[in-house]
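Engineer: This is the structure I have questions about; it appears just below.
The values are calculated or read from the model by the stated rules, or taken from the named source; none is laboratory data. The structure presented is a predicted model; accordingly, all values stated were derived computationally and were not measured. Glycine gets a Cβ as well: all are built from the backbone with ideal geometry, and neighbour counts include every protein chain shown.
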Amino acid sequence: MTASIAQNATAEEPIDDSLTDTTSIEAMEPDTDTTSAPKDDGEIHSGVGVLDKTVKILDALESGPSTLGQLVAATGLARPTAHRLAIALERHRFVLRDQHGRFVLGSRFAELAAAAGEDRLLTAAGPILQTLLDRTGESAQIYRRQGDQRVCIAAVERASGLRDSIPVGAMLSMEAGSAAQILLAWEDSERLHQGLRRAKFTATKLAAVRKRGWAESINEREDGVCSISAPIRNASGQVIAAISISGPTGRMGSTPGRRYAPLVMAAGKYLTDALIKAVR
């Protein structure tokens with residue numbers, strides 16, 4: 001039951017192959033002359049024009065998913081320039097597409113943060129996920145929301161037997177699954193309303209999730225698969241990730257929450273406490 005990563009939807013306009021040749025970007029756009037006086041426009045100028053433009057793209061995406069037109073409006077870049085840079089970033093996984101074809105920040109950032117030891121959540125996650133696997137016998141994952149999708153940022157799997165396999169970097173829908181419920185349940189009212197439009201779960205179900213502190217899905221994301229998730233919070237109390245276990249319904253049972261929720265909630269609390277201690 002390997003999770004399939006849906007191909008990203010077509011962007012708001014067809015991609016012109018001639019615009020995806022990223023090798024010519026620098027040649028087409030001369031760098032800023034580093035010997036000239038610095039610009040006083042409130043922006044940071046490194047002296048490398050294409051780099052500064054690329055950072056503008058990433059800064060724009062930090063606030064959420066964007067169409068090409070929205071990137072152009074937010075950055076002030078010419079449309080062909082914004083398109084070339086976004087495609088180049090997509091090739092390197094710094095940018096991905098959501099299910100609506102909009103550009104979002106990619107999973108490569110999480111990988112680099114983990115490698116640099118700067119992501120405190122990922123640093124603490126490994127032993128906890130392994131403990132969940134050992135205690136439950138099921139695969140365990142951590143997800144973060146990324147636009148209209150969620151990305152798996154850490155995972156451990158059963159060594160053998162039937163299992164739900166979610167590779168690190170996999171992009172899954174926010175419309176189904178217990179982790180999606182957790183990541184949406186504590187959102188502000190506007191994002192909550194938007195997220196429920198296509199969701200397989202209801203506002204009533206999310207209210208129950210908030211009350212009990214965990215979520216359960218059975219055959220919601222994929223037939224024959226169930227999962228249990230709990231929130232991971234930062235020092236401000238904001239839900240920043242969901243920790244989950246998942247496996248075949250036949251093994252986990254028709255009411256997996258009763259059996260596994262306390263363990264998953266304890267794991268989420270441990271990681272929350274670790275994040276709080278790290279900033280004290």
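Engineer: Out of contact with any Gly (no Cβ under 7 Å at 6 or more places or on another chain), without any contact (Cβ under 8 Å) to a residue 60 or more places away in the chain, surrounded by fewer than 24 Cβ atoms within 10 Å (Cβ to Cβ) and not in a helix (DSSP H, G or I) - does that describe any residue in segment 255-272? Spell out how you get there, then give the answer.
Structural biologist: So in segment 255-272, the residues out of contact with any Gly (no Cβ under 7 Å at 6 or more places or on another chain) come out as 255-258, 260-264, 266-272.
Of the ones still in play, those that are also without any contact (Cβ under 8 Å) to a residue 60 or more places away in the chain are 255-258, 261-262, 266, 268-269, 272.
From the residues that got through so far, the ones that are surrounded by fewer than 24 Cβ atoms within 10 Å (Cβ to Cβ) too are 255, 257-258, 261-262, 266, 269, 272.
If we keep only those that are not in a helix (DSSP H, G or I) too, we end up with 255.
Scanning segment 255-272, I find at least one residue that is out of contact with any Gly (no Cβ under 7 Å at 6 or more places or on another chain), without any contact (Cβ under 8 Å) to a residue 60 or more places away in the chain, surrounded by fewer than 24 Cβ atoms within 10 Å (Cβ to Cβ) and not in a helix (DSSP H, G or I), so the answer is yes.
Rundown of residues vs (1) surrounded by fewer than 20 Cβ atoms within 10 Å (Cβ to Cβ); (2) at pLDDT below 95, yes/no style:
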| site | (1), (2) |
| --- | --- |
| GLN146 | no, yes |
| ALA154 | no, yes |
| GLY169 | yes, yes |
| ILE182 | no, no |
| ASP188 | yes, yes |
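Engineer: For segment 194-209, state whether one or more residues are crowded, with 16+ Cβ neighbours inside 10 Å, in a strand (DSSP E or B) and touching a Leu at 6+ places or on another chain (Cβ under 9 Å).
Structural biologist: No.
Engineer: Only one of (1) in contact with a helix residue (DSSP H, G or I) (Cβ under 8 Å, 6 or more places away or on another chain); (2) at negative phi fails for SER189. Which number is that?
Structural biologist: SER189 satisfies all of (1) in contact with a helix residue (DSSP H, G or I) (Cβ under 8 Å, 6 or more places away or on another chain); (2) at negative phi except (1).
Engineer: To continue, here is another question. I'm told SER165 meets every condition in (1) outside any strand (DSSP E or B); (2) surrounded by 22 or more Cβ atoms within 10 Å (Cβ to Cβ); (3) not β-branched (Val, Ile, Thr) except one. Can you identify the failing condition by its number?
Structural biologist: Unmet condition: (2).
Engineer: So, ARG150, is that one on the phi < 0 side of the Ramachandran plot, surrounded by 19 or more Cβ atoms within 10 Å (Cβ to Cβ) and charged (D, E, K, R) or not? Outline the logic, then answer.
Structural biologist: Details: on the phi < 0 side of the Ramachandran plot: yes; surrounded by 19 or more Cβ atoms within 10 Å (Cβ to Cβ): yes; charged (D, E, K, R): yes.
So ARG150 fits the description; yes.
Engineer: Checking ILE182 against (1) within 20 Å of THR255 (Cα to Cα); (2) free of Cβ contacts under 8 Å to residues at least 60 places away in the same chain: exactly one of these is not met. Which one?
Structural biologist: The single condition ILE182 does not satisfy is (2).
Engineer: To continue, here is another question. Determine if segment 246-260 includes at least one residue that is within 19 Å of GLN149 (Cα to Cα) and assigned by TED's automatic domain parsing to the domain that holds VAL156.
Structural biologist: Yes - at least one qualifying residue is present in segment 246-260.
Engineer: While we're on this one: Given the criterion crowded, with 21+ Cβ neighbours inside 10 Å, modelled with pLDDT under 95 and either of a type in the set (Phe, Trp, Tyr) or in the same structural domain as ILE240 (by TED's automatic domain parsing) (or both), identify the matching residue among PHE103, PHE109, PHE94.
Structural biologist: Values: PHE109 fails: crowded, with 21+ Cβ neighbours inside 10 Å; PHE94 fails: crowded, with 21+ Cβ neighbours inside 10 Å.
Result: PHE103 is the single residue among PHE103, PHE109, PHE94 that is crowded, with 21+ Cβ neighbours inside 10 Å, modelled with pLDDT under 95 and either of a type in the set (Phe, Trp, Tyr) or in the same structural domain as ILE240 (by TED's automatic domain parsing) (or both).
Engineer: Select from segment 183-203 the residues that are closer than 16 Å to GLY147 by Cβ and over 19 Å from the mean Cα position of the chain (by Cα) and list them in ascending order.
Structural biologist: The answer is GLU190, ARG197.
Engineer: Follow-up question, since we're still on this one. In contact with a strand residue (DSSP E or B) (Cβ under 7 Å, 6 or more places away or on another chain) and not charged (D, E, K, R): is that true of ILE276 in this structure? Outline the logic, then answer.
Structural biologist: On the way: in contact with a strand residue (DSSP E or B) (Cβ under 7 Å, 6 or more places away or on another chain): no; not charged (D, E, K, R): yes.
Spelling it out, it is not the case that ILE276 is in contact with a strand residue (DSSP E or B) (Cβ under 7 Å, 6 or more places away or on another chain) and not charged (D, E, K, R).
Engineer: Is there a residue in segment 188-197 that is more than 19 Å from HIS100 (Cα to Cα) and without any contact (Cβ under 8 Å) to a residue 40 or more places away in the chain?
Structural biologist: Residues of segment 188-197 that are more than 19 Å from HIS100 (Cα to Cα), as a first pass: 188-189.
If we keep only those that are without any contact (Cβ under 8 Å) to a residue 40 or more places away in the chain as well, we get 188-189.
Looking through segment 188-197, at least one residue is more than 19 Å from HIS100 (Cα to Cα) and without any contact (Cβ under 8 Å) to a residue 40 or more places away in the chain.
Engineer: Given the residues ALA124, ALA140, ALA115, which is the only one that is at pLDDT 90 or above, within 22 Å of THR272 (Cα to Cα) and within 21 Å of the chain's Cα centre (by Cα)? Please lay out each step first, then the result.
Structural biologist: On the way: ALA124 fails: at pLDDT 90 or above; ALA115 fails: at pLDDT 90 or above.
Within the list ALA124, ALA140, ALA115, the selection yields ALA140.
Engineer: If you don't mind, another one. Determine if segment 92-109 includes at least one residue that is without any contact (Cβ under 8 Å) to a residue 40 or more places away in the chain, assigned to a helix (DSSP H, G or I) and out of contact with any His (no Cβ under 8 Å at 6 or more places or on another chain).
Structural biologist: Checked segment 92-109: at least one residue is without any contact (Cβ under 8 Å) to a residue 40 or more places away in the chain, assigned to a helix (DSSP H, G or I) and out of contact with any His (no Cβ under 8 Å at 6 or more places or on another chain).
Engineer: Additional query: Among (1) of a type outside the set (Val, Ile, Thr); (2) under 20 Å from LEU105 (Cβ atoms); (3) not in a strand (DSSP E or B), which single condition is CYS152 missing?
Structural biologist: Only one criterion is unmet by CYS152, namely (3).
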